[in-house]
Amino acid sequence: MVPISFEFYPPKTPEQQSQLDRTVAKLRTRSPEYVSVTFGAGGSTLSHTPETIRQLRTGGLEAAPHLTCMGGSREEIRGLLKLYRALGAKRIVALRGDLPSGMVSAGEMRYADELVSFIREETGDHFHIEVAAYPEMHPQARDSQVDLRNFIGKVRAGANGAITQYFYNADAYFRFVEDVRAEGIDIPIVPGIMPIANFSQIRRFSELCGAEIPRWISQRMLAYADDAGSVRAFGAEVVAQLCRRLIEGGAPALHFYTLNLSKPTLNVLSRLQ
Ligand code: FAD
């Protein structure tokens, strides 16, 4: 088995906090290399992400904050970098983020490569910086070649590694890695894995982020309709099969988008033993 990491979002209510606590208690038994905590662009989870990082680190987990630049100022980002250093964080996931609806100003940095450069300027080599990669292309990119060039720009700005958007087509990942390697770039590119527990939710997410759900998977899921047990079992098997192919094909690690739930991720992991 390769190293694994888990992604959480910062809880905003006591109920969400209890749910995260339960999830962390179950998932930490799988010895993740690290866990990461998302950050709302424009500061919508500004105060929650550092607090969640603090809690997870106090609990003995290697916790990495996500940091977005869209909607934020250099001063705010500088403040967060200081805070995360003080909390002992050594790894950070640097992203552009998306402009929340209703927000008009993009902030002082337009793309993630500027954020990566800024983190390097401010903190030198302190942080191991991860950036996002899109094997099926970022939905706003003009074409896949332009997107690849922009990805390479983030690496040249100082990223140490990448985590991909989730996908259900292993060939898209292998082709992307090949294209990146052909440019002489050898940083680890870790597949982002989205377990399927609730199909309509995954379909909605996928429309927004441009991840393709293969037709054969959609058709099976639609046929299961309200049979939640079959959806879960089939979803876990499909995703476990994807993980097996990725590991066999050389993926260096797996990063699970947990949505703060333990079962869907554990159902996949238990099939990978
Ligand atoms: P960029 O790398 O800046 O790319 C965005 C778009 O701009 C692409 O189309 C790219 O081709 C283009 N581009 C890039 N650089 C340039 C340039 N120099 N000139 C012209 N065009 C350029 N969102 C959150 O809000 N919070 C999170 O915590 C979060 N975590 C994530 C974790 C992972 C692993 C992933 C894959 C995504 C995450 N996202 C998160 C979503 C992410 O913020 C969005 O996908 C966003 O639209 C793009 O972010 P990016 O860092 O990839 O942007």
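Could you say whether any residue in region 7-14 is part of a helix (DSSP H, G or I) and surrounded by fewer than 22 Cβ atoms within 10 Å (Cβ to Cβ)? Please lay out each step first, then the result.
Taking region 7-14 and keeping what is part of a helix (DSSP H, G or I), we get 14.
So of that shortlist, the ones also surrounded by fewer than 22 Cβ atoms within 10 Å (Cβ to Cβ) come out as 14.
There is at least one residue in region 7-14 that is part of a helix (DSSP H, G or I) and surrounded by fewer than 22 Cβ atoms within 10 Å (Cβ to Cβ).
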Does region 27-34 include one or more residues that are in contact with a Phe, Trp or Tyr (Cβ under 7 Å, 6 or more places away or on another chain), assigned to a strand (DSSP E or B) and either modelled with pLDDT of 95 or more or buried (at least 21 other Cβ atoms within 10 Å of the Cβ) (or both)? no
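Looking at Ala197, Ala132, which one is surrounded by 19 or more Cβ atoms within 10 Å (Cβ to Cβ) and modelled with pLDDT under 95?
Values: Ala132 fails: modelled with pLDDT under 95.
Every option except Ala197 fails the conditions.
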Within region 48-78, can you find the residues that are farther than 17 Å from Arg120 by Cα, touching a helix residue (DSSP H, G or I) at 6+ places or on another chain (Cβ under 6 Å) and not in a strand (DSSP E or B)? Pro50, Met70, Gly71
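When the residues of region 133-149 are narrowed to those that are touching a helix residue (DSSP H, G or I) at 6+ places or on another chain (Cβ under 7 Å) and outside any loop (DSSP other than H, G, I, E, B), which ends up nearest to the ligand (Cβ to nearest atom)?
Step one: filter region 133-149 for residues touching a helix residue (DSSP H, G or I) at 6+ places or on another chain (Cβ under 7 Å), giving 133-139, 141, 148.
From what is left, the residues that are outside any loop (DSSP other than H, G, I, E, B) are 133, 148.
Working: Ala133: 7, Leu148: 9 Å.
Filtering first and then ranking leaves Ala133.
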Check on Ser230, more than 20 Å from Leu266 (Cβ to Cβ) and away from the ligand (no atom under 15 Å from the Cβ): no
Mind checking whether some residue in region 83-96 is at pLDDT 90 or above, in contact with a Cys (Cβ under 7 Å, 6 or more places away or on another chain) and outside any helix (DSSP H, G or I)? yes
Taking only pairs six or more apart or across chains, which ones have beta-carbon atoms under 7 Å, a first residue in region 115-131 that is over 15 Å from Met70 (Cα atoms) and within 15 Å of the ligand (Cβ to nearest atom), and a second residue that is assigned to a helix (DSSP H, G or I) and among the hydrophobic types (A, V, I, L, M, F, W, C)? Ile129/Val116; Ile129/Ile119
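Taking the condition more than 10 Å from the ligand (Cβ to nearest atom), in a loop (DSSP other than H, G, I, E, B) and not polar (S, T, N, Q), does Gly107 pass? Show your work before the answer.
On the way: more than 10 Å from the ligand (Cβ to nearest atom): yes; in a loop (DSSP other than H, G, I, E, B): yes; not polar (S, T, N, Q): yes.
Answer is yes for this residue.
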Which numbered condition Leu208 misses (of (1) part of a helix (DSSP H, G or I); (2) closer than 18 Å to Pro139 by Cβ; (3) at pLDDT 95 or above): (3)
Residues of region 152-205 classified as of a type outside the set (A, V, I, L, M), assigned to a loop (DSSP other than H, G, I, E, B) and farther than 19 Å from Ala141 by Cβ, total: 8
Would you pick out the residues in region 171-214 that are more than 15 Å from the ligand (Cβ to nearest atom) and touching a Leu at 6+ places or on another chain (Cβ under 6 Å)? none
Lone qualifier among Leu259, Leu269, Leu246 - being in a loop (DSSP other than H, G, I, E, B) and surrounded by 14 or more Cβ atoms within 10 Å (Cβ to Cβ): Leu259
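The values are calculated or read from the model by the stated rules, or taken from the named source; none is laboratory data. Bear in mind that the values here come from a model prediction, so they are computed numbers and not experimental data. All Cβ positions, even for glycine, are placed from backbone atoms using ideal geometry, and neighbour counts span all protein chains on display.
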